[in-house]
Amino acid sequence: MSSYVVGLDFGTDSVRAVLVDTANGDTLESEVHWYRRWKEGKYCNAGKNRFRQHPLDHIEGMEATIKKVVERSGIKPEDVLGICIDTTGSSPVPVDKNGTALALTPGFEENPNAMMVLWKDHTSINEAAEINRVSRTWGGTDYTKYIGGVYSSEWFWAKILHIVRKDSAVKEAAWSWMEHCDQMTYILTGEKDPKAFKRSRCAAGHKAMWHESWGGLPEDDFLSRLDPYLVEVKQNLYTDTHTSDVVAGNLSKEWSEKLGLTENTVVAVGTFDAHAGAVGAGAEAFSLVRVMGTSTCDIMVAPKEVIGTNAVKGICGQVDGSVVPGWMGLEAGQSAFGDLLAWFREIVSWPLDNLLQDTELLSEETRQQLKEELRNRVIPELSVQAEKIPAEESVPLALDWINGRRTPFADQALKSAITGLDLGTKAPHIFRALVEAICFGARKIVDRFEEEGVEIKSVVGIGGVAKKAPFVMQTLADVLNRPIRIAVSDQAPALGAAIYAAVAARVYPTVEDAVKAMGSPMEKTYEPRENMIGIYNEKYARYETLAEFIEEDTHKKNTIKVTSDV
């Protein structure tokens with residue numbers, strides 16, 4: 001009998017669903033839904049690093065995408081055996097006692113602090129610094145040990161601490177908090193008891209300092225030194241966590257009717273997009289899977305006996321089963337990848353947004369069409385022109401920290417920089433410098449793993465940048481001096497979620513078995529060019545020197561600011 005599963009992938013800008021044949025991993029149907037409120041720029045302030053999303057964007061997208069792929073496929077509802085959700089993270093949501101997001105309750109509908117705090121929100125830099133300081137000085141366990149030694153403002157506890165200090169109404173109303181992947185899974189199952197709900201091992205281990213060696217979440221004494229409210233939150237969270245091959249529940253009656261499915265469809269425990277992407281791309285031991293979009297997450301799996309109890313410093317966590325149950329999952333990443341190139345597109349598109357709209361030479365319709373066409377051509381044309389620049393020609397040097405640094409050693413206070421500008425510098429020169437910067441940032445991650453004794457046998461690229469930006473991928477191969485294999489699947493995270501769903505539905509006994517049958521093959525390999533290796537080795541050394549200078553200067557300025565504030 002034929003059977004099918006759904007993988008649902010919540011990204012930064014949109015959610016996409018894939019309906020997958022469990023026999024071979026073929027995608028029968030796919031659908032993308034763009035978040036309406038997010039697209040309108042609501043609830044965000046980029047200048048203050050505040051990025052929030054309304055739960056209705058996610059709920060509407062979940063219904064629209066799954067419903068459409070099921071309808072268009074024409075398959076029988078009872079043949080859809082399972083669903084699994086992956087999301088960005090850490091993206092926590094405040095909830096009431098029933099597990100309902102506060103933004104869906106009266107009085108909080110338009111309050112950004114009551115919404116999902118998106119992964120890229122960095123408003124909690126000070127709280128993250130406080131967590132790091134207390135963890136190292138309180139006299140007990142250093143809870144940053146298995147998350148690379150540094151707690152980030154992108155993560156669970158720092159974001160909660162920031163919100164409740166800024167908004168007393170949210171603090172009083174929030175009975176607990178849920179990661180985005182848990183919240184959406186919770187909604188699908190119709191669960192009404194947050195404490196009984198099965199939470200994601202991936203989310204808890206990488207972002208909430210959960211670890212089996214200290215019995216789950218951090219001790220009450222530690223949390224109370226930050227804020228007694230965090231102890232209350234912990235009491236309403238969890239002790240045990242679960243991998244994504246485990247069934248969280250069945251599709252509720254309400255949601256089975258909405259989606260045109262049956263209540264027999266199982267819903268697997270949720271996970272994060274990058275970790276699901278590694279599964280979709282094959283999840284081989286010691287293969288670094290780079291999920292490249294607005295940011296990157298770099299995911300590896302390794303046998304537990306190889307890693308043992310060693311704490312890999314400077315990365316974003318090592319969690320038993322966060323990718324493949326029974327294997328150690330290791331995470332690193334860059335806070336900006338495609339985002340850095342998109343930022344430059346916005347810079348050079350300034351006249352389109354601010355001058356073109358005022359001209360009386362063109363009709364409103366023509367202005368809008370011209371604006372859209374030119375914006376869409378900016379990055380492709382810059383890529384073509386940047387690639388033509390001779391290697392010996394002067395190109396500026398840049399850092400990739402436009403949104404802070406995730407790895408090595410998370411520091412979201414850091415800023416980007418560009419040096420080496422002169423009167424001969426044109427837009428393609430700067431664009432090339434930015435491409436090189438994100439590739440140098442990737443090399444720092446590879447170096448960090450290998451400095452810690454973790455071998456990298458191959459590199460795989462997935463995500464929008466990997467599929468659509470050959471100039472970036474070729475530069476990455478040259479900078480790393482390693483082949484970069486590109487997965488066929490356009491939706492590797494969603495495919496990975498579908499693979500988890502197939503195991504939860506007992507189509508396959510293990511994730512490894514499901515990956516062999518359903519995982520994405522590779523479509524292309526970028527080989528490093530011999531003539532570029534030495535050039536980039538020299539420029540990488542200069543990148544490290546610039547990075548050291550900017551990091552020292554940033555910390556000096558922050559120290560002066562803190563002293564002056566006191």
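The values are calculated or read from the model by the stated rules, or taken from the named source; none is laboratory data. Values in this document were obtained by computation on a predicted structure and should not be read as measured data. Methodologically, a virtual Cβ is constructed for each residue, glycine included, from the backbone with ideal geometry; neighbour enumeration extends over all protein chains shown.
Details
- Meets criteria (among the basic types (Lys, Arg) and buried (at least 18 other Cβ atoms within 10 Å of the Cβ)) for Lys207: yes
- Of all residues making up the range 102-123, the number that are farther than 17 Å from Cys44 by Cβ and in contact with a strand residue (DSSP E or B) (Cβ under 7 Å, 6 or more places away or on another chain): 1
- Condition met for Leu188 (under 20 Å from Asp86 (Cα atoms) and of a type in the set (A, V, I, L, M)): yes
- Residue satisfying all of: in the range 515-530; out of contact with any Lys or Arg (no Cβ under 9 Å at 6 or more places or on another chain) and touching a residue at least 60 places away in the same chain (Cβ under 8 Å); farthest from Ala437 (Cα to Cα) among these: Ala517
- Residues that are at pLDDT 95 or above, assigned to a helix (DSSP H, G or I) and under 16 Å from the mean Cα position of the chain (by Cα), drawn from the range 316-358: Leu340
- Between Trp255, Trp157, the distinction of being buried (at least 18 other Cβ atoms within 10 Å of the Cβ), more than 29 Å from Gly82 (Cα to Cα) and either at pLDDT below 95 or not hydroxyl-bearing (Ser, Thr, Tyr) (or both) belongs to Trp157 only.
- Checked against the criterion of being under 21 Å from Gly464 (Cβ atoms) and of a type in the set (Gly, Ala, Ser), the candidates Ser73, Ser14 yield just one match: Ser14.
- Of the set (1) over 30 Å from Gly11 (Cβ atoms); (2) in the same structural domain as Gly496 (by TED's automatic domain parsing); (3) not acidic (Asp, Glu), all apply to Gly190 but (1).
- For the range 258-287, the set of residues classified as surrounded by fewer than 24 Cβ atoms within 10 Å (Cβ to Cβ) and either in contact with a Pro (Cβ under 7 Å, 6 or more places away or on another chain) or part of a strand (DSSP E or B) (or both) consists of Gly260, Leu261, Thr262, Val266, Ala285, Ser287, listed by residue number.
- For the range 465-483, the set of residues classified as among the hydrophobic types (A, V, I, L, M, F, W, C) and closer than 15 Å to Met532 by Cα consists of Phe471, Val472, Met473, Leu476, Ala477, Val479, Leu480, listed by residue number.
- Residues in the range 482-539 that are over 23 Å from the mean Cα position of the chain (by Cα), in a loop (DSSP other than H, G, I, E, B) and not polar (S, T, N, Q): Arg482, Pro483, Ala505, Arg506, Val507, Tyr508, Pro509, Glu527, Pro528, Arg529.
- Looking across Thr294, Thr309, one residue alone is outside any strand (DSSP E or B), outside the structural domain of Phe471 (by TED's automatic domain parsing), buried (at least 22 other Cβ atoms within 10 Å of the Cβ) and not aliphatic (A, V, I, L, M). It is Thr294.
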